[in-house]
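One structure is given below, encoded as structure tokens.
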Amino acid sequence: MTFPEVKIGAPRRFGWRERLDAFASLVRLQRPIGIFLLMWPALWALWLAGEGNPPLRIVLIFIAGVVLMRSAGCAINDYADRGLDGQVARTRERPVATGRVSPREALGVFAVLSLASFALVLLLNWQTVALSVVALVLVIVYPFMKRYTHVPQLFLGAAFGWAVPMAFMAVTGAVPPLAWGLFATTLLWALVYDTQYAMVDREDDLKIGVKSTAILFGTWDLWVIGVLQAVMLAALAQVGAAAGRGVFYFGGLAVAAALAVYQQYLIRDRLPAACFQAFLNNNYYGIAVFTGLVLDYALVG
């Protein structure tokens, strides 16, 4: 498919404060939701792999890596979408689309942040370093998938969820079936929250030919999201049972279930602002699961 070309804003001179603001906007420092959605699966995995007591050094490395790689992902995403963002109401003010950051500069930011993240991974075992190469490939590939498939959310889920096998490998030196079960659960979660996100842009995406699950599901979107939410909760319950978790963990899942119902309430009329709020609400979903996991290990053992 050929996409209509949109001229990127003409470059002009900016003061250093404007430049800093532009680069902060490029990596979405003002919108940390992506950091949280990437961080929660990593923390779930670290606590499960460490049986409630993961090494603090590894936890800190993963948190720093999450911040760096999410920021790098935003930079490569804006580079990939430089000809599309100007046609979407939500993204038309992004710095590459407006010319405040050049495409070459966006690639440079991506390269620097990726190298910094890789330097952190070098502090872990060699197996985790090897897995990090897959993570980098997924981050590069994902932004281009909306041109070729209606399920780019699966690639986002793989990119965000790859922290799960990496966490298990870093802590235990292996990736057991439990880790792959949790990884599959993160794929379901990405289908949920990124479909909610895509519902915000659905009308613009239809005009410019961009693909998404929101378009694929069409009028069945609410039903499909609901089924995915139910299957995800069942998968998290299975993960917890396999890990021997108890009442506090399942209490966290009960809170997550209530949040899923609330998200359905928010998106019931498919209003863009409400769909975006449902997307943001997934941060609390991640917190609920993590809090239940931490309390269960701390109080039950």
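Just so you know, all these numbers are worked out from the coordinates, no wet-lab data involved. Please read these numbers as outputs of a predicted model, since none were measured by experiment. In this analysis, Cβ positions are derived from the backbone assuming ideal geometry, glycine residues included, and neighbour counts consider all displayed protein chains.
Residue by residue, segment 138-143 carries 3J(HN,Hα) couplings of 5, 5, 6, 6, 3, x Hz when phi is fed to the Karplus relation 6.51 cos²θ - 1.76 cosθ + 1.60 (θ = phi - 60°); x denotes Gly or Pro. Each Lys or Arg adds one and each Asp or Glu takes one away; over the other residues whose Cβ falls under 13 Å from the Cβ of F160, this sums to 0. Here segment 158-193 and segment 253-269 have alpha carbon centers that stand 23 Å from each other.
Along segment 105-112 the Karplus relation, 6.51 cos²θ - 1.76 cosθ + 1.60 evaluated at θ = phi - 60°, assigns HN-Hα couplings of 5, 4, 5, x, 4, 4, 5, 5 Hz to successive residues, with x for each Gly and Pro.
As a length-normalised measure over Cα pairs under 8 Å and 6 or more apart, the relative contact order of the chain settles at 21 percent.
Computed from Cα positions, the angle between helix 247-266 and the longest principal axis of the chain comes to roughly 30 degrees.
Per residue of the chain, the DSSP helices (runs of n ≥ 4 H) give a summed -39500 (n - 2.57) that works out to -24000 deg cm²/dmol at 222 nm. Over all other residues within a Cβ to Cβ distance under 13 Å of D296, the charged ones net out to 0, with Lys and Arg as +1 and Asp and Glu as -1. Of the residues F110, F183, F118, the one that moves most in a GNM of the chain with alpha-carbon contacts below 10 Å is F118. The angle separating the long axis of helix 16-26 from the principal Cα axis of greatest extent in the chain is about 60 degrees. With respect to the chain, whose longest principal axis is taken over its alpha-carbon atoms, helix 221-242 is tilted by about 40°.
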